[in-house]
Amino acid sequence: MSKLLSLDAFAKTAEDARVKTTSGGIITLICCLISMILIRNEYLDYSTIVTLPELVVDRDINKQMDINLDISFLNLPCDLINIDLFDETGDLNVINSGLKKYRLIRTGGEVAEILDESAVLERDAPLSEVCKAVQGSDCGSCYGALPQDQNQFCCNNCAAVRRAYAHANWKFYDGEGIAQCEQEGYVQNLRARINENEGCRVKGSAKINRVSGTMDFTPGPSMTRDNIHVHDLSLYLKYKDKFNFDHIIHSLSFGELKEVHLGNPLDNYSFLQHKKFHLSNYYLKVVPTRYEDTNSKLIADTNQFSVITHDRPLQGGKDEDHQHTLHARGGVPGIAFHFDISPLKIINREQHAKTWSGFVLGVVSSVAGVLMVGSLLDRSLYAVQHIRKKEE
């Protein structure tokens with residue numbers, strides 16, 4: 001026992017040898033208050049949820065992802081808007097994959113859906129299917145765009161004539177003078193929408209491959225001939241004082257729509273230049289992102305992206321704002337979204353800012369530090385008071 005007494009680091013003093021002062025009581029109250037504040041701060045740190053990112057290789061690179069788009073064209077009717085999606089795996093018509101067109105009527109601000117099945121028929125179906133003979137009916141004229149000496153092709157409706165003209169790379173304009181289009185009312189309806197200055201809103205979701213690609217909006221139907229992608233701009237060029245690609249991007253996102261909102265950079269972005277022959281480009285870098293809670297359970301599996309915008313006039317020449325910048329000449333008016341999918345994924349995991357052991361250690365350290373400082377301060381004040389009493 002005597003040996004243990006020599007090892008005691010917590011030596012006690014006799015109760016009657018202790019001296020209590022008023023300053024010591026004040027310092028004790030202050031130390032208690034500070035300790036309670038520090039303990040509260042330690043608990044807030046312990047209960048706070050933080051998100052720590054981790055960069056890994058995306059194992060879902062072979063799966064398709066959704067592209068969610070809501071964009072309004074203020075000065076372009078739906079009949080003139082053509083949507084193409086090009087990627088490294090081929091050409092895909094995204095209208096048939098979930099994007100829909102809605103007419104923007106200026107008179108009452110109403111929004112009415114417009115069905116664009118004819119455009120899908122023109123682009124997706126084989127030529128022999130679109131321009132085929134119908135039993136019990138005459139073979140409709142293709143107006144020289146396709147051979148008809150042996151009734152190989154028959155254009156019995158306006159959509160078939162449009163497809164035949166596109167195959168021959170002829171200008172279709174608004175279908176004036178074509179009997180099939182006149183009888184179906186295509187010409188009258190199209191002119192009415194143009195004269196009323198209708199706009200168009202495109203919204204919906206579509207599946208895309210996780211590879212680099214481009215989605216563009218251009219005027220007039222498109223065709224690929226001899227590995228060259230061409231557009232029929234005849235109707236767009238016919239009206240000199242109408243049509244431009246001023247637009248408002250209400251929302252643009254990649255992946256499933258979840259309650260987690262990342263604040264995408266193109267939400268509510270507007271481009272209002274009022275220029276007919278202009279091309280707008282958006283270069284997007286898409287990074288897959290996963291959110292997990294504190295128990296490593298999935299909250300959301302979405303995507304983030306950054307964007308660089310660039311626009312130029314088709315006639316080329318010097319930039320109006322930067323005189324030392326020279327734009328290229330040529331191209332097709334419209335807008336294009338160039339997206340590049342990253343092969344890496346960001347995993348954001350939620351966890352407590354401190355562990356339980358870290359919380360206990362922080363509380364002990366805070367209280368011990370406060371008491372040590374208070375003890376030193378009390379001893380210093382007591383020594384000063386003792387010296388003054390001796391001098392007196």
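The values are calculated or read from the model by the stated rules, or taken from the named source; none is laboratory data. This is a predicted model, so every value here is computed, not measured. Please note: Cβ atoms are built from the backbone with ideal geometry, for glycine as well, and neighbour counts cover all protein chains shown.
General observations
- Any chance V230 is farther than 23 Å from F73 by Cα, of a type in the set (V, I, T), in the same structural domain as E256 (by TED's automatic domain parsing) and within 30 Å of the chain's Cα centre (by Cα): no
- Of the strands (runs of 3 or more DSSP E) entirely within region 244-346, those holding at least 3 residues that are in contact (Cβ under 8 Å) with a residue 12 or more places away in the chain and among the hydroxyl-bearing types (S, T, Y) occupy 278-292, 298-313.
- Residues located in region 289-308, provided they are at pLDDT below 90 and not charged (D, E, K, R): T289, Y291, T294, N295, S296, L298, I299, A300, T302, N303, Q304
- Of all the listed residues (A119, A133), the sole one being closer than 16 Å to N157 by Cβ and either at pLDDT 65 or above or in the same structural domain as V230 (by TED's automatic domain parsing) (or both) is A133.
- Considering only residues in region 1-49 that are under 19 Å from V360 (Cβ atoms) and among the small types (G, A, S), the one that is modelled with the highest pLDDT turns out to be S35.
- Selection count where residues are of a type in the set (S, T, Y) and free of Cβ contacts under 8 Å to residues at least 40 places away in the same chain, scope region 181-215: 1
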